[in-house]
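Beneath this line is the structure, given in structure tokens, with notes to follow.
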Amino acid sequence: MSTPLVPDQAAALLPGWEARADIVVVGSGVAGLTCAADAAAAGRSVLLVSKDAVDEGSTRWAQGGVAVVWGDRADPGSDSVAAHLADTVTAGAGLVDEAAAASILTDGPDAVRRLVAHGARFDGDPSGLLLRTREGGHHADRVIHAGGDATGAEIERALLAQLRGGLAGAPEPVVLADHLALDVLLDPTGRVGGLSVLGPDGRIGVVRAAAVVLATGGAGHLFAASTNPAVATADGWAMALRAGAELADVEFLQFHPTVLWTGPDGSGRRPLVTEAVRGEGAVLIDATGARIMPGVHPLADLAPRDVVSLAVTRRLALAPGGVGDHAYLDATGIPAATFHRRFPTVTAACAAAGIDPTRQPIPVAPAAHYACGGVRTDRDGRTSVPGLFAVGEVARTGLHGANRLASNSLLEGLVMGERAAEAANAAVVAAQRWSLQCAELLLTPAPAADPAGRAGLQAAMSAHAGIGRDAAGLAGTAALAAVVADTAPSSGRALDRDAVETANLAVAARAVLAAAAARTESRGCHVRTDHPEPDAAQAVSRTVRLIDGRPAVPTALAGV
């Protein structure tokens, strides 16, 4: 938590500039854009902070679609929110908050309709009915999509258009692109009073605000290879912990089973091969051509992601020498015209790698994809810190449990973005805005760690905290993360994005490792090779918070 600084420290941290807003939203994905647009439409002054260009978040890369019970068919009994909830609960392996999940899924259709009203265009048939497909873990065709496999890009386009020109006379939010959020700032009472940010010119600024909404996305770059863009460095988790908030379920990090494999040295963001390809009939095979999923799960290639990723990993371990680089996704049974129309993004990624997916199997391997847990919130995005909210992948609402059901994330972002805007608006009213003009803020040293330790930490996380974990590997990686966290950048080095991101990754890694070490069972996408079976007594979510300055699981565990 923020603490007062001695005078010489405070002088060194005086901001280079200062601004004010009612609400600050950090992140420009589906949840952040939705929240910012709704808050501005309610008449609030909104400042949107984006670490990169405003369209460079994870949302634009989302291929599959939005899982939603739409109800535009003549056979309304073919699907229901109750059926969607049942699939969500099954995928979540005993840790879904059913009441919270039911609430989000119930509000989903109206949230999507409002998005459509703002100009989002989903794929439809000539009669006007939306096309939909099925993905892993679903028992009904309820995933709507746009541009074939470019759903996220279309949602982002529509939200940005709403933000920039469709607010019916409301003030347009101010956007700070290429600004890295450093820390949530508190007043002496422990309430949010603003945010510190690092600009591209190296200057630190302070934005005074009555509410801060974290919508920073995921933590994919805790690992060496991920489907996430480069901005997904767990910044929101680290900021929330330092502000005194709790994380929950962070041991559950989903690996997508079908990420395009382009060679043994592939790292950073890797192209995704959407699960919808399997929904259209593609199957996973090994190097011999034998199918991987039959006999593993009743849904075979459409089993939940944790099941498929683990099955692929185990099959690769049977390769000569005990280590296989990749499996294959055989989509050659899908007509070429259909594949190219339905999956233009996958087609382009494969073409760039010299692969024709209609004539040869696509080489794939699991890679870090989605954080099922995050900053613990209520159903309106509130955290335990007054004035601090979290929405989207950075948050833990209870919808995903131990493993996210495919395509529930965009829906959650839309619903929770709307709810957080309303709750943050109420927080502004309660905060008595006049007090923000002169309130004392507790400044904190900017987080920084030596970027030289980043690659080694990511490699260790991939080896020991990915698909398959044991006590020894977790302990060794935790020790490395502690070293990285405590190693300051070289003397004279200017504060920059790499140093801040490395510090945030080290804090987040320690949180994941603490939670994973405490869960001595296998559940969902958390697989302990030394505790391979689920333990009914551990069917409870665990929180992580800073204790004596380090992320730790409290001794007295309670369900959240």
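The values are calculated or read from the model by the stated rules, or taken from the named source; none is laboratory data. For clarity, every value in this text was computed on a predicted model and none was experimentally measured. Cβ coordinates were reconstructed from backbone atoms using ideal geometry, including for glycine residues, and neighbour counts include every protein chain displayed. Accessible surface is based on the protein model in full, side chains and every heavy atom, while ligands, DNA and RNA are left aside. Shrake-Rupley method; radii C 1.70, N 1.55, O 1.52, S 1.80 Å.
Please enumerate the residues belonging to the range 365-403 that are at pLDDT below 95 and open to solvent by less than 10 Å² (accessible area, probe 1.4 Å).
367, 368, 403
So which residues in the range 340-394 are hydrophobic (A, V, I, L, M, F, W, C), touching a Ser or Thr at 6+ places or on another chain (Cβ under 6 Å) and assigned to a loop (DSSP other than H, G, I, E, B)?
353
Exactly one condition in (1) hydrophobic (A, V, I, L, M, F, W, C); (2) touching a residue at least 60 places away in the same chain (Cβ under 8 Å); (3) part of a loop (DSSP other than H, G, I, E, B); (4) open to solvent by less than 30 Å² (accessible area, probe 1.4 Å) is not met by residue 421; state its number.
For residue 421, the failing item is (3).
Any residue at all in the range 457-475 that's among the small types (Gly, Ala, Ser), outside any loop (DSSP other than H, G, I, E, B) and within 23 Å of residue 181 (Cβ to Cβ)? Walk me through how you get there before you give the answer.
We begin by selecting, within the range 457-475, every residue among the small types (Gly, Ala, Ser); these are 459-460, 462-463, 465-466, 468, 471-473, 475.
Those still in the list that are outside any loop (DSSP other than H, G, I, E, B) too: 459-460, 462-463, 471-473, 475.
Then drop every residue that is not within 23 Å of residue 181 (Cβ to Cβ), which leaves none.
No, the range 457-475 contains no residue that is among the small types (Gly, Ala, Ser), outside any loop (DSSP other than H, G, I, E, B) and within 23 Å of residue 181 (Cβ to Cβ).
Confirm whether residue 42 is out of contact with any His (no Cβ under 8 Å at 6 or more places or on another chain), modelled with pLDDT of 95 or more and surrounded by fewer than 22 Cβ atoms within 10 Å (Cβ to Cβ). Spell out the reasoning first.
Numbers: out of contact with any His (no Cβ under 8 Å at 6 or more places or on another chain): yes; modelled with pLDDT of 95 or more: no; surrounded by fewer than 22 Cβ atoms within 10 Å (Cβ to Cβ): yes.
Against the criterion (out of contact with any His (no Cβ under 8 Å at 6 or more places or on another chain), modelled with pLDDT of 95 or more and surrounded by fewer than 22 Cβ atoms within 10 Å (Cβ to Cβ)), residue 42 does not qualify.
Only one residue in 91, 67, 36 is in contact with a Pro (Cβ under 7 Å, 6 or more places away or on another chain), farther than 30 Å from residue 200 by Cα and buried (at least 24 other Cβ atoms within 10 Å of the Cβ). Which one?
Details: 67 fails: in contact with a Pro (Cβ under 7 Å, 6 or more places away or on another chain); 36 fails: farther than 30 Å from residue 200 by Cα.
Result of the check over 91, 67, 36: 91.
Taking strands (runs of 3 or more DSSP E) that do not extend beyond the range 162-224, which have at least 1 residues that are at pLDDT below 95 and open to solvent by 40 Å² or more (accessible area, probe 1.4 Å)? Steps first, please.
Details: elements: 174-176, 180-186, 192-198, 204-208, 211-214.
Per the criteria, 174-176, 204-208.
Please determine, by comparing only the residues of the range 247-301 that are at positive phi and assigned to a loop (DSSP other than H, G, I, E, B), which one is surrounded by the most Cβ atoms within 10 Å (Cβ to Cβ).
As a first pass, look at the range 247-301 and keep what is at positive phi: 249, 263, 268, 281, 289, 295, 300.
From what's left, assigned to a loop (DSSP other than H, G, I, E, B): 249, 263, 281, 289, 295.
Details: 249: 27, 263: 9, 281: 12, 289: 9, 295: 9.
Going through the qualifying residues, I end up with 249.
Test of understanding: among 521, 501, which residue is of a type in the set (Asp, Glu), open to solvent by less than 10 Å² (accessible area, probe 1.4 Å) and in contact with a helix residue (DSSP H, G or I) (Cβ under 6 Å, 6 or more places away or on another chain)?
Working: 501 fails: in contact with a helix residue (DSSP H, G or I) (Cβ under 6 Å, 6 or more places away or on another chain).
Among 521, 501, only 521 is of a type in the set (Asp, Glu), open to solvent by less than 10 Å² (accessible area, probe 1.4 Å) and in contact with a helix residue (DSSP H, G or I) (Cβ under 6 Å, 6 or more places away or on another chain).
Would you point out which residue out of 81, 68 is free of Cβ contacts under 8 Å to residues at least 60 places away in the same chain and farther than 16 Å from residue 391 by Cβ?
Details: 68 fails: free of Cβ contacts under 8 Å to residues at least 60 places away in the same chain.
On inspection, the qualifying residue turns out to be 81.
Just the residues that are modelled with pLDDT of 90 or more and in a loop (DSSP other than H, G, I, E, B), please, taken from the range 132-146.
138, 139, 140, 141, 142, 145, 146
Within the range 158-175, is even one residue within 30 Å of residue 446 (Cα to Cα) and of a type in the set (Val, Ile, Thr)? Full working, then the answer.
Filtering the range 158-175 down to residues within 30 Å of residue 446 (Cα to Cα) leaves 172-175.
Now restrict to residues that are of a type in the set (Val, Ile, Thr): 174-175.
Yes, because at least one residue in the range 158-175 is within 30 Å of residue 446 (Cα to Cα) and of a type in the set (Val, Ile, Thr).
Report, by residue number, each residue of the range 510-531 that is under 16 Å from residue 466 (Cβ atoms) and assigned to a loop (DSSP other than H, G, I, E, B).
519, 522, 524, 525, 527, 529, 530
Kindly indicate whether any position in the range 94-114 is assigned to a loop (DSSP other than H, G, I, E, B), surrounded by fewer than 21 Cβ atoms within 10 Å (Cβ to Cβ) and either modelled with pLDDT of 90 or more or within 21 Å of the chain's Cα centre (by Cα) (or both).
Yes, there is a match, as at least one residue in the range 94-114 is assigned to a loop (DSSP other than H, G, I, E, B), surrounded by fewer than 21 Cβ atoms within 10 Å (Cβ to Cβ) and either modelled with pLDDT of 90 or more or within 21 Å of the chain's Cα centre (by Cα) (or both).
Is it the case, given these coordinates, that residue 530 is open to solvent by 70 Å² or more (accessible area, probe 1.4 Å) and either touching a Cys at 6+ places or on another chain (Cβ under 9 Å) or of a type in the set (Asp, Glu) (or both)? Full working, then the answer.
Numbers: open to solvent by 70 Å² or more (accessible area, probe 1.4 Å): no; either touching a Cys at 6+ places or on another chain (Cβ under 9 Å) or of a type in the set (Asp, Glu) (or both): yes.
It is false that residue 530 is open to solvent by 70 Å² or more (accessible area, probe 1.4 Å) and either touching a Cys at 6+ places or on another chain (Cβ under 9 Å) or of a type in the set (Asp, Glu) (or both).
Look through 60, 73, 121 and report the one residue that is modelled with pLDDT of 90 or more, open to solvent by 10 Å² or more (accessible area, probe 1.4 Å) and basic (Lys, Arg). Explain how you work it out, then say what you get.
Numbers: 60 fails: modelled with pLDDT of 90 or more; 73 fails: modelled with pLDDT of 90 or more.
Exactly one residue qualifies, and that residue is 121.
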